[in-house]
Amino acid sequence: MAFAPLRRSSLCLAFAVGAFALVSSGSCRVFEPSNRPIDACRRSCESKAKRQCTEAECERGCEFILDRLVEREGENVIRCVASSPRRCTDVVWADCAAKIGPHADGGPPGPPPPPEDD
């Protein structure tokens, strides 16, 4: 019986330490980490195309070219946008994304016209 209070206090201490660890580990990450491809694209756009694009246009454009970011062609698209004489619009982002990477040739040819019946 002499050990019963010791067990109870050890159990309470273990519970308190466990609860503290659970609460403190959950509160470490207040913000989402900024290692997403869109965040890297946005930072690159803001530094390389700041003459053409605002922060909001960079963010919109980077979301617009998400497929190019996955293909690791984001820097080439941003370089194209930065060298464009036009302002940073969806049309500029789309035009640059279409001119860059493996899809730059425009894709496969269209189907032939249907045969004419006499």
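Yes or no: region 6-26 includes at least one residue that is over 15 Å from the mean Cα position of the chain (by Cα), of a type in the set (Val, Ile, Thr) and at pLDDT 90 or above. No, that holds for no residue. Scanning region 27-74 for residues that are in contact with a Leu (Cβ under 8 Å, 6 or more places away or on another chain) and modelled with pLDDT under 90 yields Pro37, Ile38. The residues of region 81-101 that are of a type outside the set (Val, Ile, Thr) and either in contact (Cβ under 8 Å) with a residue 60 or more places away in the chain or more than 23 Å from Arg36 (Cβ to Cβ) (or both), listed by number, are Ser83, Ser84, Pro85, Arg86, Arg87, Asp95, Ala98, Lys99. Scan region 99-111 and tell me whether some residue there is part of a loop (DSSP other than H, G, I, E, B) and of a type in the set (Asp, Glu). Yes, region 99-111 has at least one match.
Within region 54-80, being within 14 Å of Pro37 (Cβ to Cβ), among the acidic types (Asp, Glu) and open to solvent by 70 Å² or more (accessible area, probe 1.4 Å) holds for Glu59, Glu63, Asp67, Glu71, Glu75. Of all residues in region 43-53, those that are under 16 Å from Pro85 (Cα atoms) and open to solvent by less than 50 Å² (accessible area, probe 1.4 Å) total 4.
The values are calculated or read from the model by the stated rules, or taken from the named source; none is laboratory data. Quick caveat: nothing in here was measured; it's all calculated off a predicted structure. Neighbour counts run over all protein chains shown; Cβ positions are idealised from the backbone, glycine included. Remember, those area values only see protein heavy atoms, side chains included, never the ligands or the DNA or RNA. Shrake-Rupley method; radii C 1.70, N 1.55, O 1.52, S 1.80 Å.
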